[in-house]
Every structure is written in structure tokens, then in C-alpha cells.
Amino acid sequence: MEFEPVIGLEVHAQLKTDSKIFCGCSTKFGSEPNSQTCPVCTGMPGVLPVLNKKVVEFAIKMAISTDSKIADKSILARKNYFYPDLPKAYQISQYEEPFCSGGYVEIQLDGTWKKIFLTRIHIEEDAGKLLHPETYDMHGKSKVDFNRCGVPLIEIVTEPVISSPDVAYLYLTKLKQLLVYLEICNGNMEEGSLRCDANVSVREKGSDKLGIKSEIKNLNSFKGVEKALEFEIERQKKLITSGEKIIQETLLWDANKNIAIPMRSKEEAHDYRYFPDPDLVPLWVDNEWINSIKSEIPELPKNKKLRFIEQYNLSDYNAEILTATKELGNYFEETVKHCEDYKKASNWIITEVLKILNEKKIEINDFNVKPENLGSMLKSVEEGTVSSKMAKEIFEEMTLSGKPADAIIKEKGLVQIIDTEEISKTIDDILEKNQNEVSLYINGKEKLFGFFVGQIMKATKGKANPKIVNEELRKKLNILKKK
């Protein structure tokens, strides 16, 4: 029997608001435990939540960008369950009337754009965080940090349409890119700003009937999601093949051991006893509000990539890398305002610039070589003022000092020799000093051409224009051959 997996992903994205969803407490990460709390986010009796308008605006941006249908009216509901980090014993979320439904995120698979369809995007608040001691002894106790209680989230739920772990990885990569482009989430998984739960089942290939699913939690990296899915798909295949029953359950992923551990039986929606929060009125969103936010949507990754390919004649590969972040795309476009060779500029950024960023573990906005300075240096290469070899030396100095290329070229005397007459005299001098090699070349040992080029470059300290050197040297040697 052949099997196929059916995967659906639930992604919680923390919104980049300064304050929480229902109170004025800060959302800043890394603060002292329980220093960013108040009676509202800790659920004290008698308090009333007030919805943060910015949360709704950010959710609208995401809905517009995924072509989701925004509900005229949505309801904030109480999701009831007990957990030590949930002080109210319920979480304010959405269920029967979510903020928006439908929509899709596009991924590129084998050169073709594929839509990953969404079920819904809804607004909710985050719970707190349990801090466990690394090792337990008889006195070991867990602690609770309520700073994260009430931090605003949007939950993005896909349809069960993802067909493999690698497609899940591509989807998550594109989803994160979109959230960061919109500047509504920083996408930092280490800080918990982006968290993913995966629902997976397997079925006989070609069947339209869904199998019994399991949910995998504790996935803190996209690669972790991919590995966890691979593990669970194989586990379910083995169970079915051996005639055992699959139980609908929630699993915890252990990244150190690369195994999924049973946590509890999987809850259904009715287990949470959803009902409308009596302290919050329905959320109404009109077209005027949506249209005002539409104007704030930046050029999205797919559109930017396609434009880069068309406008700058870049390869799909180069355009994909340069549009990975909005900031890198902006850096490229600022660079090519100062030079005309778009391909050279893109290659230089992808190889040399990204190499420095990776080595220093910094972002492009922290890079001390301004795009106009890089463009100016590449322009010098285009004009023949400096060679490609010199450019690398100049660039290295630019990364150390932050000085513009012109200043470094002047200080180090790195201007390339493009005077044909001057180069011709140097060639004559080298040929005169190496008569034996000239004789061997004339008699058929043409590999010595490289020897002469090397001597000329040495004599000019690498400053002679290689193209002119090759052309003039070949002319002179051909004349000597005919004598």
C-alpha cells in the first residue's frame, strides 16, 4: 500500500505593537519576569479589557496581503482551559466568527507558483510562560512569567493541503517573509515571535478520505518542523502497515532526540467551551478602514521578485536572494542607481556583501558600506578606472573604514592604467628583457603568453588594464612571428 501525507499548519505570529492587546503593558522581549503586567493581563477580578486598535490594523494588513476575506463583524470569544501560565483560566481568541477566512500564501515549487490555501486568520492573546529548572531535585520548582500574557497574536491556519515536509518548509519561509515585509511581526522564532503547530495524517495514495491526525507542538525552527513531520509520517505509516490503530493525540517534539513524545489526547473545539467574551463588543470593520490601510501595504515579495527579474534582467536565483528581505532589496536598488551593470551589482551583493554579513552576523542596515559607495566602486570597474582585482582590495578597505571608494582609490593610488601608449611601452620593455622566452613563443610555445602577461602586471603593480594588456601584447607578438 502506498501512502501520502496530509499536513495543515497553525502559525502564531506575535504582532509588533508597543503595548498588549487589551491593556497598556509593554510587549518588549527579555524584560525582568513579571515586570510587564497589570490587573488586566493577569486577569484580576473586576477588570475590563480594551482592544488595541493597532492589532486590528496589523491583522487587516495580513488579510489584504493574503487575499483573505475580512469579516464585517467578528467576535472575540473565551477559550476555556486550565494551565498554570493562564491566570484567567481562559484565553481571549476567536472561533465561530473569526476575523477573516480563506486566502492563500504562494510558494515557488520547481519553478511554478503554488497556492497554499488558508482556512482563517484570527486575533488572540498569548498566554504566559513556564520557566522550568534545568535539572529537578526534591526542591525543584517551576516558575511562571506572566510578561507574555496578553501579547497580541494572529493565528494563521492552513487548509490540510500541504503534501510534504519540504512544502511545509517552503510555506513557512514565505509566510515569515511576508510577515516581516509587512513589518507586523519580527519573525524571531528564538524569542517565540513565530510559533508553529503541525497537524499531520496519512492516507492511502489517491484517497480523498482524511486519516486520523496528530498535532505536533514545541517546534522552534522551520527545519524542526520539517524533521518532526518526516518522523510522524513514518511513524503513522508503520502503525497502519502493522495493523495498529492511530490515536488522535498531541505530541511534543524533542529536537535533541529527533522524536515526538505523546503529551495528551487531542482536544476538539467543544472541549474549550467557546463563548463570546461578555466584556468585549463585536469587532466591526468597514471598507473605508480597509481601503485606508491598503495604501500602507508595501510592494510584496513575489511582486518585487518578478519586477527585479523584468526590470534588471536578473536570474530567478539572484532575484530570489535579493528580495529575501525588504532591506536587502532596497540596498540593491540604491546600489544600481550609481552603476549600470545590474548583473555585476547583484552578484557582488550576493557573494561579497552577504559573506561579510554572515561573518559578522549583522543585518544589511548595520553594514557600514553604504549602497551609493558600493555603486560608485562598481562604476569605477565599469569605466576601467580600477580592475576587478583592485575592486576587491578597495571593498575590503571600505568594510574596515567605511570610506567611499574614491577616497580609498586616491589614498592607495589604485587607479588602473588605461593609457594604451604607456602599456605598450611596458610591453616593449618586458619583451626586450625576455628575448629567450620571446624566441620560444615564436617557435610554438604559446603557453608563454601567460608568462608575459604576468611580467607586465608585475611591472605595473597590477594596475594595467588586463584587456588592453592582452590586446597589445598579442598584436606585438603576432608582428614578431611574421618577421
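Derivation of every value follows stated rules applied to the coordinates shown; laboratory data play no part. None of these values were measured; they are calculated from a predicted model. No Cβ is skipped: glycine too gets one built from the backbone with ideal geometry, and neighbour counts run over all protein chains shown.
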(message) I want the local charge near Y274. Using Cβ-Cβ distances under 9 Å, sum +1 for each Lys or Arg and -1 for each Asp or Glu among the other residues.
(response) +2
(request) Count charges around G462 for me, please; just the other residues with Cβ under 11 Å from its Cβ, Lys/Arg as +1, Asp/Glu as -1. (result) +3
(message) Under a crude label model (7 Å from the Cα following the beta-carbon direction), how far is D406 from F29 in nanometres?
(response) 4.1
(request) Please give the helix 371-382 orientation as an angle from the longest Cα principal axis of the chain, in degrees from 0 to 90, rounded to the nearest 10. (result) 30
(message) As I understand it, the value is the acute angle between the Cα axis of helix 388-401 and the longest principal axis of the Cα atoms of the chain; what does it come to in degrees, rounded to 10?
(response) 50
(request) Work out from phi, with θ = phi - 60° and the Karplus expression 6.51 cos²θ - 1.76 cosθ + 1.60, the ³J(HN,Hα) of each residue of the stretch 209-221, listed in order in whole Hz, and give x for Gly and Pro. (result) 8, 7, x, 6, 9, 10, 10, 10, 10, 6, 9, 10, 7
(message) Which entries of K425/K458; K20/K370; K114/K360 have Cα-Cα distances beyond 26 Å here?
(response) K20/K370; K114/K360
(message) Please enumerate, by chain and number, the aspartates and glutamates with C-alpha under 19 Å from the C-alpha of K294, excluding those fewer than 8 residues away in the same chain.
(response) E57, D67, D72, E183, D286
(request) Would you grab the residues whose amide H sits under 5 Å from the one on L15? Only those 5+ places off in sequence or on another chain, please, with H modelled 1.01 Å from N. (result) L153, I154
(request) Measure of size requested: the Rg and Dmax of the stretch 121-207, with Cα atoms as the atom set and Å as the unit; please supply both. (result) 17.4, 55
(request) Enter the angle in degrees (range 0 to 90, nearest 10) between the Cα long axis of helix 301-312 and the first principal axis of the Cα atoms of the chain, meaning the one along which they spread out most. (result) 20
(request) Using the number of other C-beta atoms within 10 angstrom as an exposure proxy, rank K475, K20 with the fewest first. (result) K475, K20
(message) Explain nothing, just compute: Karplus ³J(HN,Hα) = 6.51 cos²θ - 1.76 cosθ + 1.60, θ = phi - 60°, for every residue of the stretch 94-102 in order, whole Hz, x for Gly and Pro.
(response) 9, 9, 5, 10, x, 4, 8, 9, x
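In nm², what is the average projected area of the convex hull enclosing the Cα atoms of the stretch 246-372?
With every direction weighted equally, the projected area is 15.5 nm².
What list do you get for D18, D126, D145 if you sort them by fewest beta carbons within 10 Å?
With the fewest neighbours first, D18, D126, D145 line up as D18, D145, D126.
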(request) Over 22 Å between C-alpha atoms is what I'm after, so list which of K54/K174; K54/K223; K115/K305; K28/K257; K326/K361 land there. (result) K54/K174; K54/K223; K28/K257
(message) Can you work out the Karplus-derived ³J(HN,Hα) for every residue in the stretch 316-326? Use 6.51 cos²θ - 1.76 cosθ + 1.60 with θ = phi - 60°, whole Hz, and x for glycine or proline.
(response) 4, 4, 5, 5, 4, 5, 5, 9, 4, 10, 4
(message) Within 14 Å, Cβ to Cβ, of S68, how many net charges do the neighbouring residues add up to if Lys/Arg are +1 and Asp/Glu are -1?
(response) 0
(message) Treating only the Cβ of Lys, Arg, Asp and Glu as charged (+1, +1, -1, -1), what charge dipole size does the stretch 3-292 show about its Cα centre? Round to the nearest 20 debye.
(response) 260
(request) Tell me which label goes with the value of semi-axes √(5λ) of the Cα gyration tensor in Å computed from the coordinates here: [x] 57, 27, 22; [y] 33, 25, 22; [z] 60, 27, 22. (result) [z]
(request) Using the number of other C-beta atoms within 10 angstrom as an exposure proxy, rank M263, M390, M377 with the fewest first. (result) M263, M390, M377
(request) Based on the mean of other Cβ atoms within 10 Å per residue, sort peptides 70-76, 197-203 so the most packed one is first. (result) 197-203, 70-76
(message) Helix-only mean residue ellipticity at 222 nm, the chain, DSSP H runs n ≥ 4 weighted -39,500 (n - 2.57), per residue, nearest 500. What is it?
(response) -12000 deg cm²/dmol
(request) For R148, list long-range residues whose amide hydrogen, built 1.01 Å from N in the peptide plane, is under 5 Å from its own amide hydrogen. (result) K129
(message) Check which residues have an amide H placed less than 5 Å from A77's amide H, if you skip close sequence neighbours.
(response) S93, Q94, Y95, D277
